[in-house]
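The values are calculated or read from the model by the stated rules, or taken from the named source; none is laboratory data. What you are looking at is a predicted structure, and each value in this text was computed from that prediction instead of being measured. Note that we place each Cβ from the backbone using ideal geometry, even for glycine, and neighbour counts take in every protein chain shown.
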Amino acid sequence: MKILVYISCLMVLFSGCQTELLKTTKKVQIEKKEEPKTVTMNDSTFRYELVNKKWIKVSIINSANHFSMLVNRFGVKDSIDFDKEHITAKTPEFVWMNNQFICITTWWSGPFSSSLIIPVKREKSPFIYFVKGIIASDVKHNQVVYSERIFGRDKVRFAVEDLASRKVQFVDWKIPSKQNEFPYCDSLVLKNKRLNIWNSSKNTTFLIDLNQ
């Protein structure tokens, strides 16, 4: 009788080990970012969704390269005609989203673009337009960077703006002699109230204070 009990325990233990082995060898499925869903409306017009959430939907309508945007917040709808709003666009693309804002880039020539910020909650204006384009963002703190002005081949003035307060801080960057293309540096990173500009493996840090 003791031998039968011992054998039964061994079988239970072996079965448990097999179960754990199957758990550890099972492949983890990673969800891939879905491409925007496109709906053809007629021969020259189609619509594609940039954002599709329960609380907000953002769609682009392209009618023979005439763009408009539909924003639906809990049934409250806004239609934005790019031509009427003087928004230059060729290929509007989703960039990032948090619980307050959605960033959309509208490329128009090479590295140059304009940007649209869509408030998740309806504000006085259904969008904020950055004609010169956002080139870096701190999504956690709702801050963005864009070029405010270029002084010939000598200097570029970057603007760091808080999307909620609309306060702006300017940062002047001397253009390196070997940087012939916009934004005249290797990279920009905006994080934790610091703007880091990298060029030739060197980092220059500018402290950002938009609470003044």
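Only residues that are outside any strand (DSSP E or B) and at pLDDT 85 or above were counted across region 79-122, and they come to 11. Among the residues of region 169-187, those that are under 24 Å from the mean Cα position of the chain (by Cα) and crowded, with 17+ Cβ neighbours inside 10 Å comprise GLN169, VAL171, PRO183, TYR184, CYS185. Being hydrophobic (A, V, I, L, M, F, W, C) and closer than 27 Å to ILE87 by Cα, is that true of even one residue in region 190-203? There is at least one residue in region 190-203 that is hydrophobic (A, V, I, L, M, F, W, C) and closer than 27 Å to ILE87 by Cα. When ASN180 is tested against (1) farther than 16 Å from ILE134 by Cβ; (2) touching a residue at least 12 places away in the same chain (Cβ under 8 Å); (3) part of a loop (DSSP other than H, G, I, E, B), exactly one condition is not met: (2).
If you scan region 90-115, which residues turn out to be of a type outside the set (A, V, I, L, M) and either out of contact with any strand residue (DSSP E or B) (no Cβ under 6 Å at 6 or more places or on another chain) or not assigned by TED's automatic domain parsing to the domain that holds TYR48 (or both)?
If the condition is that a residue be of a type outside the set (A, V, I, L, M) and either out of contact with any strand residue (DSSP E or B) (no Cβ under 6 Å at 6 or more places or on another chain) or not assigned by TED's automatic domain parsing to the domain that holds TYR48 (or both), then ASN98, ASN99, GLN100, TRP108, SER109, GLY110, PRO111, PHE112 are the ones that fit.
For region 65-87, the criterion of being in contact with an Asp or Glu (Cβ under 6 Å, 6 or more places away or on another chain) and hydroxyl-bearing (Ser, Thr, Tyr) is satisfied by at least one residue. The set of residues in region 131-160 being without any contact (Cβ under 8 Å) to a residue 40 or more places away in the chain and surrounded by 13 or more Cβ atoms within 10 Å (Cβ to Cβ) consists of LYS132, GLY133, ILE134, TYR146, SER147, GLU148, ILE150, LYS155, VAL156, ARG157, PHE158, ALA159. Filtering region 175-212 to residues that are over 15 Å from ALA159 (Cα atoms) and touching a Cys at 6+ places or on another chain (Cβ under 8 Å) leaves PRO176, GLN179, TRP198, ASN199. One residue stands out in region 105-125 among those that are touching a residue at least 40 places away in the same chain (Cβ under 8 Å) and in contact with a Cys (Cβ under 9 Å, 6 or more places away or on another chain): the one that is surrounded by the most Cβ atoms within 10 Å (Cβ to Cβ), namely LEU116.
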